[in-house]
Amino acid sequence: MKIIALGAPGVGKGTYTTLMAEEFSIPHISTGEMFRENMRDNTEVGKAVKVFMDSGQLVPDGITLEMLGGRIKQPDCGNGFILDGFPRTIPQADALKKIAKIDAVLNLVAPDRVILDRLSGRRTCRGCGAIYHIRNIPPKKEGVCDRCGGELYQRDDEKEEVIKIRLAEYANKTAPLINYYLKEGILHEVDVSSPISESAKVIEKIRKILKV
Ligand code: AMP
């Protein structure tokens, strides 16, 4: 099962794709998280992408494609995967088509006010990348990751001015993918505006869409 999740920054893509990966026992592949890991480890890729990540711009396709292409060739992707944050441009989608046959694209949607609330309250674990929300998905102990004990922080690209640039990048470069996959007949819209405490219902809807 090879799945793509589309959706504006802050809609809940990271949270839902993590849940789906657990439910369907397939790897969760987040290009944003892979870039953040590279930045933490100060790798060549990390150094090259920092300026784009910090300013809310998309990383150039060449760097992104090389990293993603290597990841989906790994043995754990044999039974499928769920892509979170990739593709984000038409050239990325064209390149993906050459290396994988995608079964379904889930377009996650919620009203702007829900998106803004989710973005402004989001906290991410420095250690494992797990996602929390100060009100909606609080950790058991404030500021500490339930999963690995790592420190929770607010991403640099979650400041208001950077959020505006990310939303514009999404509208200009990523939203056209909705039509792209609609034409391919594999796009499904999923409303994720309900509180995360009702995530089981959303996962049930997704199961029906994917017929699993
Ligand atoms: P995310 O964690 O998905 O919100 O991504 C955070 C940042 O990583 C984005 O604002 C981009 O700078 C970069 N990024 C993640 N995925 C991609 C991609 N597929 N193409 C280009 N840039 C990306």
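The values are calculated or read from the model by the stated rules, or taken from the named source; none is laboratory data. These numbers were taken from a predicted model, which means no experiment stands behind them. No Cβ is skipped: glycine too gets one built from the backbone with ideal geometry, and neighbour counts run over all protein chains shown.
Table for the structure above
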{"quantity": "Total residues in the range 7-18, condition closer than 12 Å to Leu106 by Cβ and either small (Gly, Ala, Ser) or over 8 Å from the mean Cα position of the chain (by Cα) (or both)", "calculated": "4"}
{"quantity": "Residue under evaluation Ala100, criteria (1) within 24 Å of Val11 (Cα to Cα); (2) more than 7 Å from the ligand (Cβ to nearest atom); (3) in contact (Cβ under 8 Å) with a residue 60 or more places away in the chain; (4) crowded, with 16+ Cβ neighbours inside 10 Å, criterion not met", "calculated": "(1)"}
{"quantity": "Cβ pairs under 6 Å, 6+ apart, first in the range 19-40 and within 15 Å of Asp156 (Cβ to Cβ), second crowded, with 21+ Cβ neighbours inside 10 Å and small (Gly, Ala, Ser)", "calculated": "Gly32/Gly85; Glu33/Gly129"}
{"quantity": "Output for the range 159-197, where each listed residue is charged (D, E, K, R) and under 15 Å from Lys13 (Cα atoms)", "calculated": "Arg166, Glu189, Asp191"}
{"quantity": "Restricting the range 16-67 to residues that are within 10 Å of the ligand (Cβ to nearest atom) and of a type in the set (Phe, Trp, Tyr), the residue that is farthest from Ile137 (Cα to Cα)", "calculated": "Phe52"}
{"quantity": "Wholly enclosed helices (runs of 4 or more DSSP H) of the range 155-212 bearing at least 1 residues surrounded by 16 or more Cβ atoms within 10 Å (Cβ to Cβ) and of a type in the set (D, E, K, R)", "calculated": "160-169"}
{"quantity": "Test for Val105: is it touching a helix residue (DSSP H, G or I) at 6+ places or on another chain (Cβ under 9 Å), crowded, with 20+ Cβ neighbours inside 10 Å and without any contact (Cβ under 8 Å) to a residue 24 or more places away in the chain", "calculated": "no"}
{"quantity": "Unique residue being in contact with a helix residue (DSSP H, G or I) (Cβ under 8 Å, 6 or more places away or on another chain), of a type in the set (Lys, Arg) and either surrounded by 14 or more Cβ atoms within 10 Å (Cβ to Cβ) or under 25 Å from Asp54 (Cα atoms) (or both) when the list is Arg118, Arg122, Arg113", "calculated": "Arg122"}
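Every residue, every condition in (1) under 16 Å from the mean Cα position of the chain (by Cα); (2) at pLDDT 95 or above; (3) over 29 Å from Gly70 (Cβ atoms), yes or no:
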{"residue": "Val105", "(1), (2), (3)": "yes, yes, no"}
{"residue": "Val109", "(1), (2), (3)": "yes, yes, yes"}
{"residue": "Arg113", "(1), (2), (3)": "no, no, yes"}
{"residue": "Asp117", "(1), (2), (3)": "no, no, yes"}
{"residue": "Ser120", "(1), (2), (3)": "no, no, yes"}
{"residue": "Arg126", "(1), (2), (3)": "no, no, no"}
{"residue": "Gly143", "(1), (2), (3)": "no, yes, yes"}
{"residue": "Cys148", "(1), (2), (3)": "no, yes, no"}
